[in-house]
Amino acid sequence: MPMTADRTLPFEQAAVLGAGLMGRLMAVALAQRGCSVDVYEAGSAEAEGAAARVAAAMLAPLAESAVAPAPVVRMGHYALDRWPQLLGELATPVFFQREGTLVVWHRQDATEAARLGRVLAHTAEQVPELPAMQRLDAAAIAAVEPALGHRFAAGLLLPGEGQLDNRGLLSALLATLQSMPKVRLHWQSPRTLDDFEPGRPGQPQRVIDCRGLGVRRQWEQVRGVRGEVIRVHAPDVSLARPTRLVHPRYPLYIAPKPDGLFVIGATEIESEDRSPPSVRSTLELLSAAYAVHSGFGEARILEIATQCRPTLPDNLPSLRMPRPGVLQINGLYRHGFMIAPAILDVALELLCSQRSALAARFGLAPTLDSASGSVPATLGPTS
Ligand SMILES: Cc1cc2nc3c(=O)[nH]c(=O)nc-3n(C[C@H](O)[C@H](O)[C@H](O)COP(=O)(O)OP(=O)(O)OC[C@H]3O[C@@H](n4cnc5c(N)ncnc54)[C@H](O)[C@@H]3O)c2cc1C
């Protein structure tokens, strides 16, 4: 249980900017602790402008350690236990499972797979609390995921990793917020920090800025990293867990969701271009899925989407208090769902006491604000 669970907040009114993933989570958590909350969102309740709407929402700290350092992995591991608690408090159920991640590769990518295996083994040494990965041969793959048969000669199983339904979560958070008497939701209402003077009469006492890419005018280092994903309906394919295919350019995955849906993703391109997916990306994603399971040949394409991940220069998340009464949370990059509960609990600790023991546990280091000498101006990984 997080340290903040029983603590009373030292304020009674807050404004939350952005109702994507972090904004909704923060608003629910603050309201649960008795705070009166105004949520300002540039778009609608459908979260059409949020990275969270497009994401596959895989919760795979060891798999992601191929591109993420130890503090992010620790946060991801913490979050796997914390998600069921958070989901259990919501107004509607959300699909969540921890059947692990299966990693497979074609023979031509065996060198890249060996490199990945070494990186994951190194992560396991750095973060020993992670469940041990298992090396699988063809028969073991067929036993774990029968639908794949003997198609792959070797693979890795990362036990305990999870995934959830991103859109189900956004809807459940919305329904929860709508049921809370002290919450006011303002749609089509873009705001910036300049619209608030926290603590002044008639103003919220705290402003929590969760605008993702919308923050850029006030946090110039935040950039977008383009990702393309495809949603298909494939009732004839049965996969128990997300399957990752080792790929020379970016990790490809097929994430099964409820009702025969699969999310196939995701490209990763250093660009803020949000135009529709390219033919090349679409071909790559669909070929990868077809190569994993020929049943995807008869799948129906429901959606091909593009979004940009809000990312800082070091690709790491950050919480900062640029001035009294303001907390900004950003840079969740490709790990927003994986680490959101950890970021939420660190944020609550900061809001309660301007310090976070949890952050230290993850290996996040506060940089003291030079003006006050006590406010952690920025929290970011130390390694
Ligand atoms: C293709 C893709 C795949 C992904 N897959 C995964 C995955 O498998 N696992 C995982 O953990 N993460 C994944 N992610 C990452 C995850 O989606 C993000 O890290 C997460 O959504 C970031 O949350 P956020 O709340 O900071 O931003 P967002 O979810 O983008 O929300 C920001 C919100 O702020 C609003 N806003 C913007 N400007 C303003 C303004 N001026 N005023 C008010 N509101 C404003 C926006 O409309 C939006 O609703 C993926 C992302 C993408 C794009």
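The values are calculated or read from the model by the stated rules, or taken from the named source; none is laboratory data. Values in this document were obtained by computation on a predicted structure and should not be read as measured data. Note that we place each Cβ from the backbone using ideal geometry, even for glycine, and neighbour counts take in every protein chain shown.
Worth pointing out:
- Answer from Ala153, Ala175, Ala147 - the residue that is more than 30 Å from Ser294 (Cα to Cα), among the aliphatic types (A, V, I, L, M) and surrounded by fewer than 19 Cβ atoms within 10 Å (Cβ to Cβ): Ala175
- Among (1) without any contact (Cβ under 8 Å) to a residue 12 or more places away in the chain; (2) buried (at least 21 other Cβ atoms within 10 Å of the Cβ) - the single one Val232 does not satisfy: (1)
- For Ser238, the requirement of being more than 16 Å from the ligand (Cβ to nearest atom) and either in contact with a Ser or Thr (Cβ under 8 Å, 6 or more places away or on another chain) or part of a loop (DSSP other than H, G, I, E, B) (or both) is met.
- Residue in segment 43-61 that is over 26 Å from Val215 (Cα atoms) and not assigned by TED's automatic domain parsing to the domain that holds Gln205 present: yes
- Here segment 222-235 is the region considered, the condition is being under 23 Å from Thr311 (Cα atoms) and of a type outside the set (Gly, Ala, Ser), and the residue that is farthest from the ligand (Cβ to nearest atom) is Arg223.
- For segment 119-141, the set of residues classified as assigned to a loop (DSSP other than H, G, I, E, B) and either among the β-branched types (Val, Ile, Thr) or at positive phi (or both) consists of Val127 only.
- Criterion (modelled with pLDDT under 95 and either surrounded by fewer than 22 Cβ atoms within 10 Å (Cβ to Cβ) or of a type in the set (A, V, I, L, M, F, W, C) (or both)) met by exactly one of Leu319, Leu344: Leu319
- Selected residue [under 18 Å from the mean Cα position of the chain (by Cα) and modelled with pLDDT of 95 or more] from Pro61, Pro93, Pro71: Pro61
- Close pairs from segment 124-149: first under 30 Å from Arg74 (Cα atoms), partner charged (D, E, K, R) and part of a helix (DSSP H, G or I), Cβ under 6 Å, at least 6 apart: Val127/Arg74
- Pairs meeting the criteria (first residue in segment 319-345 and under 20 Å from Val207 (Cβ atoms), second residue aromatic (Phe, Trp, Tyr) and more than 7 Å from the ligand (Cβ to nearest atom), beta carbons under 7 Å, at least 6 apart or on different chains) are Gln328/Trp219; Asn330/Trp219.
A quick yes/no check of all residues on (1) surrounded by fewer than 20 Cβ atoms within 10 Å (Cβ to Cβ); (2) over 30 Å from Val94 (Cα atoms); (3) among the basic types (Lys, Arg):
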| site | (1), (2), (3) |
| --- | --- |
| Glu220 | yes, yes, no |
| Arg226 | no, no, yes |
| Asp236 | yes, no, no |
| Leu239 | no, no, no |
| Leu252 | no, no, no |
| Gly260 | yes, no, no |
| Ala266 | no, no, no |
| Tyr290 | yes, no, no |
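- Residues considered: Tyr290, Tyr253. Of these, the only one that is within 21 Å of the chain's Cα centre (by Cα) and either away from the ligand (no atom under 13 Å from the Cβ) or in contact (Cβ under 8 Å) with a residue 12 or more places away in the chain (or both) is Tyr253.
- With respect to the conditions (1) outside any helix (DSSP H, G or I); (2) modelled with pLDDT of 95 or more, His150 falls short on a single one, namely (2).
- Against the list (1) among the polar types (S, T, N, Q); (2) modelled with pLDDT under 95; (3) within 14 Å of the ligand (Cβ to nearest atom), the condition Gln307 fails is (2).
- Where Arg200 falls short, out of the listed (1) in the same structural domain as Met26 (by TED's automatic domain parsing); (2) at pLDDT 95 or above; (3) surrounded by fewer than 19 Cβ atoms within 10 Å (Cβ to Cβ): (2)
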